[in-house]
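The values are calculated or read from the model by the stated rules, or taken from the named source; none is laboratory data. For clarity, every value in this text was computed on a predicted model and none was experimentally measured. Here the Cβ is made from the backbone with ideal geometry for all residues, glycine too, and neighbour counts use every protein chain on show. Note: areas computed on protein heavy atoms with side chains; ligands, DNA, RNA excluded. Shrake-Rupley method; radii C 1.70, N 1.55, O 1.52, S 1.80 Å.
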Amino acid sequence: MAITMTPAAAKHIESALANRGKGIGIRLGVRTTGCSGMAYVLEFVDDTDQNDVVFDNFGVKVVVDPKSLIYIDGTELDFVREGLNEGFKFNNPNVRGECGCGESFNV
C-alpha cells in the first residue's frame, strides 16, 4: 500500500507549508459527492490520528485515513501547470470512471 507524489507536488506542498508557518504535511482522503460518487479531499495536517497511515515522499508527509486508503491506494499525486491553470492531479489506478466535469470518480 502506497501513496506517492512527484517532485513537483512535493515542492509545491513544501512551499505551501512554509508560507503557512506550521504543519507536518497534507491529508489526502475521499468524500462521497458528485455525479460519480467520490471526490478527493486535500487539507493541511498538523497532527496525525492513531489510525492514520503516513507516507513520506521527498521529505513531505501524506497522511491518509484507513477508510480512504481503500479507494486511493497506489495513487500518485502530481502538481501540473496547464496554460494559466495549475493544480493537483491524481493518478489513481483504482478509478473506473469519472464524471464529465472531472470533479468526481468511481472505483
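Quick notes on this one:
- Working note: Karplus 6.51/-1.76/1.60 with θ = phi - 60° gives the stretch 71-82 the couplings 8, 10, 4, x, 6, 10, 9, 10, 10, 10, 10, 10 Hz, where Gly and Pro are set to x.
- 3J(HN,Hα) from dihedral phi, the stretch 16-29, Karplus parametrisation 6.51/-1.76/1.60, rounded to Hz, x for glycine, proline: 5, 5, 5, 5, 6, x, 7, x, 9, x, 10, 9, 10, x
- The trypsin sites (Lys or Arg not before Pro) of the stretch 7-48 that DSSP puts in a loop, and whose beta carbon has at most 16 other beta carbons within 10 Å, are Lys22.
- Amide H within-cut-off set for Asn57, under 5 Å, with H built and near neighbours excluded: Val62
- For q = 0.20 Å⁻¹, Debye-computed log10 I/I(0) when each Cα of the stretch 49-93 counts as one equal scatterer: -0.75
- Carbon and sulfur %, accessible surface of the chain computed with the full protein complex present, 1.4 Å: 47 percent
- For the stretch 1-61, the relative contact order works out to 37 percent when only alpha carbon pairs closer than 8 Å and six or more residues apart are counted.
- Three-way shape label, the chain, alpha-carbon gyration tensor, a/c 1.5: oblate
- Using θ = phi - 60° and Karplus 6.51 cos²θ - 1.76 cosθ + 1.60, couplings along the stretch 53-60 (whole Hz; Gly, Pro as x): 9, 10, 10, 10, 10, 6, x, 10
- Per residue accessible area of the chain, 1.4 Å probe, in Å²: 60 Å²
- Taking amide H as placed 1.01 Å from N in the peptide plane, Met38 has its amide H under 5 Å from the amide H of Thr33, Phe105, each at least 5 places away in sequence or on another chain.
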